[in-house]
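Asks: Sharing a structure below in structure tokens format, with a few things to ask.
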Amino acid sequence: MGKFISYTIGAAIGGLVGGTVVLLVTPKKGEDIRNDILQRASAIQQPLKDAANNLSTVKDRVLSMKDESLPVLKSTVSDIGELLKGWKEDVQPYLTKIKNNVVQLEAAKEKLSNKLRSNSPEKKPGEEETPPSL
């Protein structure tokens, strides 16, 4: 608890010293300073009101654009979905044909590989294997 009390006493003394320094160094009376603050506040009020009005206008325009563009976006997404569906239907027969061709090529490769293995002469250890000439 000793640290808390010493901190509180230090803060109180610092506040008193700071307040005294401000009072002694201030070049104007309190009334003059208050008038200056009021004048500056009133000068700032109009630009702030204008900014608030502008923000309100921008908000209204954004909401209006959202309301106008949402149906267009939905329609566009729907159209794209239909185009993709049609494209998929158009491409599907070709994909099936390509898959069948790949299966046939793999079978032919396997058949050729087996034929080459069965027709190749036995190699003696140490002989190099050479590919058959075409």
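Asks: Considering region 1-15 alone, what residues qualify as being aliphatic (A, V, I, L, M) and not in a loop (DSSP other than H, G, I, E, B)?
Replies: Ile5, Ile9, Ala11, Ala12, Ile13
Asks: May I ask you to list the residues in region 16-32 that are in a loop (DSSP other than H, G, I, E, B) and of a type in the set (S, T, N, Q)?
Replies: Thr26
Asks: A follow-up question, please. With the condition kept exactly as written, say whether any residue in region 107-120 is outside any helix (DSSP H, G or I) and either under 42 Å from the mean Cα position of the chain (by Cα) or at pLDDT below 90 (or both).
Replies: The answer is yes, given that some residue of region 107-120 is outside any helix (DSSP H, G or I) and either under 42 Å from the mean Cα position of the chain (by Cα) or at pLDDT below 90 (or both).
Asks: Can you find a residue in region 59-73 that is at pLDDT below 90, outside any helix (DSSP H, G or I) and surrounded by fewer than 10 Cβ atoms within 10 Å (Cβ to Cβ)?
Replies: No, because not a single residue in region 59-73 is at pLDDT below 90, outside any helix (DSSP H, G or I) and surrounded by fewer than 10 Cβ atoms within 10 Å (Cβ to Cβ).
The values are calculated or read from the model by the stated rules, or taken from the named source; none is laboratory data. Since this is a predicted model, take the numbers as computed values, not measurements. Glycine gets a Cβ as well: all are built from the backbone with ideal geometry, and neighbour counts include every protein chain shown.
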